[in-house]
Amino acid sequence: MQNTDYYLVEDLFTEEHKLVKTSLKDWVNKRIKPTIDSYAQNHKYPEFMFEEMGELGVFGSFIPEKYGGLGYDQISYGIMMQELEAGDSAIRSTASVQSSLVMYPIFEFGSEEQKMKYLPKLASGEFVGCFGLTEPNHGSDPGSMESKLVEKTDHFVLNGTKMWITNSPIADVAVVWAKDENQKVRGVIVEKGMKGFTAPEIKNKWSLRASITGELVFDNVLIPKENILPNISGLKGPMMCLNSARYGIAWGAIGAAIDCYQTAIQYTTERKQFKKPISSFQLTQKKLAEMITEITKAQLLIWRLGVLKNENRATPAQISMAKRNNVEMALKIARDSRQMLGAMGIVGDYPIMRHMMNLESVITYEGTHDIHLLITGMDVTGLAAFK
Ligand code: TGC
Ligand code: FAD
């Protein structure tokens, strides 16, 4: 297999990082790569992934062991996301949502009772979690959300609709963001089966077909007071969760890029036209050389961001830059690789078309490509161009 650690970044890995990389790569090669095309073609998600990723310690690996996590560092979390996305972005999506968007807010903003009640079951994969921020009328601008939380004597009443929610139709627990009567964004834990709560599936996606996506509909749902996240109010709550998930995606995209690049190298070395391997032509080599250059730049960017994240020094704008750069890099590599396989690039025998279609969602969710550009623009000028 072609070496994709061109600048020997892995020499900087600790024993923990190396172990994480090997175990996740083995699992993805054994359990995901052989079957994922069939799941994606049939628009089904691999149900077995929850229990098996739970056993591997993927969910909330950075959460302390007391709550079911492993207490691992941020670089281990990133390596996990990279190896999972080499299999399929849908698998990484489930791991991102469960870890960064469900376990992280419960750990960071929850009461001790909430942590003990939910985190161990989410860590083991017994519970599936989802995260409700986006609404039908408010995607890039979550601050204008319409979902409402009204306080009564002994409970809250939740009304509203969330849209495009990864894993919502199968979730046991939803971390949902809604505005209270003071227009402050609050986080609530909604459980499957609460009266007035439904989660219909969104069907017919051409992207992330091995992931289930849906809505969250709340029609006068009575939320017990102990289900409110007590230690956060304001939009910064969900945004802090996004920092963690966007960081993981910036690692993950490299996995998809590497899988496409390795496929392209192998195919173009074996495939002959005009009596020569197509990898011997200059135009093919230009594409391959640029791919490994871009992968290497992305690896260096994310390594440094991981170090900063471990030191609690990574800024939201730095995370935006890495998410935007690395996802665009992966999507371009997927598109170029697809062309290099000619007609074979469109069939499921190779992973490229599936990665390419998946990455069209990855470049949109967790903040669109343009929104991340505007976050960088705001950071360097002090002026917000999105308002
Ligand atoms: P703005 O006025 O700038 O900020 C409001 C408050 O939030 C704070 N804040 C942050 N805090 C921590 N980290 C961040 N990244 C933060 N960004 C903002 C800010 O300091 C302020 O706090 P305070 O205390 O002063 O009130 O907010 P805005 O309304 O102008 O919006 C800014 C904007 C556009 C950058 C932001 O809202 C944005 O990033 N929009 C994109 C929305 C998005 O990313 N949605 C993702 C939904 S979840 C998802 O896609 C999951 S996919 C899962 C998968 O399958 O992998
Ligand atoms: P819009 O906000 O309507 O944007 C449409 C276009 O307008 C984009 O190109 C955008 O860049 C551009 N635009 C918007 N505002 C500006 C501006 N000010 N300046 C310039 N251009 C602008 N959300 C969740 O809460 N939880 C989930 O689990 C989740 N999972 C998802 C899974 C999938 C498969 C997908 C596709 C989405 C998911 N999302 C989830 C939603 C995702 O976060 C949103 O789709 C994303 O934030 C963009 O919102 P939107 O689709 O409403 O697009």
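What the table below lists for this structure:
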{"item": "Positions within segment 181-213 being outside any strand (DSSP E or B), in contact (Cβ under 8 Å) with a residue 40 or more places away in the chain and more than 22 Å from the chain's Cα centre (by Cα), in sequence order", "result": "Lys184"}
{"item": "Criterion violated by Glu146 - all others in (1) within 13 Å of ligand 1 (Cβ to nearest atom); (2) assigned to a loop (DSSP other than H, G, I, E, B) satisfied", "result": "(1)"}
{"item": "Hits in segment 168-180 (condition: within 21 Å of Ser93 (Cα to Cα) and either in a loop (DSSP other than H, G, I, E, B) or of a type in the set (D, E, K, R) (or both))", "result": "Ala171, Asp172"}
{"item": "Ala171 vs. criteria in contact (Cβ under 8 Å) with a residue 60 or more places away in the chain, closer than 30 Å to Ala40 by Cα and within 16 Å of ligand 2 (Cβ to nearest atom)", "result": "no"}
{"item": "Hits in segment 234-248 - residues which are in contact with a Phe, Trp or Tyr (Cβ under 9 Å, 6 or more places away or on another chain) and away from ligand 2 (no atom under 16 Å from the Cβ)", "result": "none"}
{"item": "Segment 342-370 residues that are over 23 Å from Val28 (Cα atoms), paired with ones that are within 14 Å of ligand 2 (Cβ to nearest atom) and hydrophobic (A, V, I, L, M, F, W, C) (beta carbon under 7 Å, 6 or more apart)", "result": "Glu366/Leu242; Glu366/Ala245; Glu366/Ile249; Gly367/Leu242; His369/Ile363"}
{"item": "Qualifying residue in segment 109-122 (condition: surrounded by fewer than 22 Cβ atoms within 10 Å (Cβ to Cβ) and either within 19 Å of Tyr247 (Cβ to Cβ) or modelled with pLDDT under 95 (or both))", "result": "yes"}
{"item": "Sole exception among (1) within 15 Å of ligand 2 (Cβ to nearest atom); (2) within 19 Å of Asn227 (Cα to Cα); (3) among the acidic types (Asp, Glu) for Glu151, by number", "result": "(1)"}
{"item": "Search result, residues across segment 290-317 that are of a type in the set (S, T, N, Q) and in a helix (DSSP H, G or I)", "result": "Thr293, Thr296, Gln299, Asn310"}
{"item": "Within segment 28-130, helices (runs of 4 or more DSSP H) holding 1 or more residues that are touching a Cys at 6+ places or on another chain (Cβ under 6 Å)", "result": "104-109"}
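This table checks each residue for (1) within 17 Å of the chain's Cα centre (by Cα); (2) buried (at least 23 other Cβ atoms within 10 Å of the Cβ); (3) not in a helix (DSSP H, G or I).
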site	(1), (2), (3)
Ile319	yes, yes, no
Leu331	yes, no, no
Arg338	no, no, no
Leu359	yes, yes, no
Asp370	no, no, no
Asp379	no, no, no
Ala385	no, no, yes
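The values are calculated or read from the model by the stated rules, or taken from the named source; none is laboratory data. The shown structure was predicted, so the numbers you read here are calculated from the model rather than taken from an experiment. Cβ atoms come from the backbone with ideal geometry, glycine included; neighbour counts cover every protein chain shown.
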